[in-house]
Amino acid sequence: MRKALWLLTFGLLVSLPASAQTPEVTLTRIDCGTDAQPRDVGRFSDIFAHQTLQLQFTFSCYLIKHGDEYMVWDTGFMPGSNPNAPKTSFVDYLAQLKITPDQIKYVGISHYHGDHTGQLPAFPKAMLLIGQGDWDAVNAPKPAQGVNAAAFTHWTKGGSKYEALALDKDVFGDGSVVILRTPGHTPGHSSLLVRLKERGPVLLSGDLMHFQENYETNGVPSFNTDRAQTIASLDRFKQIAAALKATVIIQHDMRDIGKLPAFTAGAR
């Protein structure tokens with residue numbers, strides 16, 4: 001009788017849906033900078049589209065709470081570093097949520113450019129998650145133009161922990177937060193999938209695309225490292241978005257980031 005009861009109990013446990021076994025996940029948008037004025041975006045499409053379009057970019061960062069653990073996605077500009085930089089630091093935003101930098105378990109970087117890595121040094125105790133191609137570029141004897149190698153010093157020289165990703169990464173092991181391999185903008189560029197219980201799946205683009213019109217036309221910036229990889233990554237991203245009926249957040253597009261609640265609220 002006891003064996004039968006144990007088997008019944010075990011069967012009930014293993015048959016629970018994944019969502020019932022996953023800790024609560026929230027996604028909070030944080031201001032990490034905004035263009036001081038609209039910019040010409042013609043160079044963000046090598047097919048000469050959008051030649052007269054001007055847009056004001058934003059530089060958004062994200063905090064993911066997974067139960068009692070925290071992950072940061074992209075870190076924007078350092079306050080005071082340029083006219084587009086934020087007035088409030090990422091650390092100060094976290095303090096408003098009563099979170100310290102030492103509580104951040106993971107810091108995921110979509111790619112190595114300065115507008116996504118400016119405040120990375122604030123999280124030296126976090127495990128850095130970065131695409132293998134970008135990690136190789138950061139560690140090159142002479143980093144290429146656009147590689148913000150200095151921001152990674154804690155990890156390249158200071159002994160902080162990192163994982164260079166050659167494949168997708170299920171961060172917490174339950175499918176709720178997955179770093180997606182989407183190379184092309186840079187050699188190891190990544191995007192992020194966050195599955196929320198109430199809102200459903202959310203896809204954060206990194207710089208796979210920069211604005212809505214660019215996404216719709218498969219625009220490839222002239223400065224991307226690999227055009228074919230970019231097109232393949234865009235195709236994959238769009239198929240994932242369709243299959244999951246996901247909310248797409250283009251991180252530089254002010255019209256897109258408004259799909260998520262403003263700080264201090266987090267999407268659930």
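So that you can scan it fast, the table gives a plain yes or no per residue for (1) of a type in the set (Gly, Ala, Ser); (2) in contact with an Asp or Glu (Cβ under 8 Å, 6 or more places away or on another chain):
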| residue | (1), (2) |
| --- | --- |
| Asp68 | no, no |
| Gly76 | yes, yes |
| Asp102 | no, no |
| Gly108 | yes, yes |
| Leu128 | no, yes |
Condition first: surrounded by fewer than 18 Cβ atoms within 10 Å (Cβ to Cβ) and either of a type in the set (Ser, Thr, Tyr) or in contact with a Lys or Arg (Cβ under 6 Å, 6 or more places away or on another chain) (or both). Can you find one or more residues in region 203-221 that meet it? yes
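Here's the yes/no breakdown for (1) under 20 Å from the mean Cα position of the chain (by Cα); (2) under 30 Å from Val171 (Cα atoms); (3) surrounded by fewer than 21 Cβ atoms within 10 Å (Cβ to Cβ):
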site	(1), (2), (3)
Phe44	yes, no, no
Ile47	no, no, yes
Gln54	no, no, yes
Phe59	yes, yes, no
Leu63	yes, yes, no
Val72	yes, yes, no
Thr75	yes, yes, no
Pro79	yes, yes, yes
Asn82	no, no, yes
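Can you find, within region 1-51, the residue that is modelled with the highest pLDDT among those that are part of a loop (DSSP other than H, G, I, E, B) and among the β-branched types (Val, Ile, Thr)? Spell out how you get there, then give the answer.
As a first pass, look at region 1-51 and keep what is part of a loop (DSSP other than H, G, I, E, B): 1, 15-17, 22-24, 35-38, 41, 45-51.
From what is left, the residues that are among the β-branched types (Val, Ile, Thr) are 22, 41, 47.
Values: Thr22: 79, Val41: 95, Ile47: 92.
This residue is Val41.
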The one condition in (1) at pLDDT 95 or above; (2) within 23 Å of Gln96 (Cα to Cα) that Lys259 fails to fulfil: (1)
Restricting the search to region 89-127, which residues are more than 17 Å from the chain's Cα centre (by Cα) and among the hydroxyl-bearing types (Ser, Thr, Tyr)? Ser89, Tyr93, Thr100
Would it be correct to say that Ala149 is at negative phi, surrounded by fewer than 19 Cβ atoms within 10 Å (Cβ to Cβ) and free of Cβ contacts under 8 Å to residues at least 24 places away in the same chain? no
Please go through region 103-121 and give me each residue that is in contact with a Phe, Trp or Tyr (Cβ under 6 Å, 6 or more places away or on another chain) and in contact (Cβ under 8 Å) with a residue 40 or more places away in the chain, ordered by number. Gly108, Asp115, Gly118, Gln119
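Among the listed residues Thr100, Thr28, Thr34, which satisfies the condition of being of a type in the set (Val, Ile, Thr) and either touching a His at 6+ places or on another chain (Cβ under 9 Å) or free of Cβ contacts under 8 Å to residues at least 24 places away in the same chain (or both)? Spell out how you get there, then give the answer.
On the way: Thr28 fails: either touching a His at 6+ places or on another chain (Cβ under 9 Å) or free of Cβ contacts under 8 Å to residues at least 24 places away in the same chain (or both); Thr34 fails: either touching a His at 6+ places or on another chain (Cβ under 9 Å) or free of Cβ contacts under 8 Å to residues at least 24 places away in the same chain (or both).
After applying the criteria, what remains is Thr100.
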Tell me whether region 109-122 contains one or more residues that are touching a Leu at 6+ places or on another chain (Cβ under 9 Å) and either closer than 19 Å to Leu203 by Cα or part of a loop (DSSP other than H, G, I, E, B) (or both). yes
Residue selected from region 162-182 under the condition assigned to a loop (DSSP other than H, G, I, E, B) and of a type in the set (A, V, I, L, M), by the criterion surrounded by the most Cβ atoms within 10 Å (Cβ to Cβ): Val171
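Filter region 183-201 down to the residues that are of a type in the set (A, V, I, L, M) and surrounded by fewer than 23 Cβ atoms within 10 Å (Cβ to Cβ), then identify the one that is nearest to Ser45 (Cα to Cα).
For region 183-201, the residue satisfying everything is Leu193.
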Residues in region 222-255 that are closer than 21 Å to His113 by Cβ and buried (at least 18 other Cβ atoms within 10 Å of the Cβ) total 13
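The values are calculated or read from the model by the stated rules, or taken from the named source; none is laboratory data. Nothing here was measured: the structure is a model prediction, and the numbers come from that model. Using ideal geometry, Cβ is built from the backbone for each residue, glycine included, and neighbour counts are taken over all protein chains shown.
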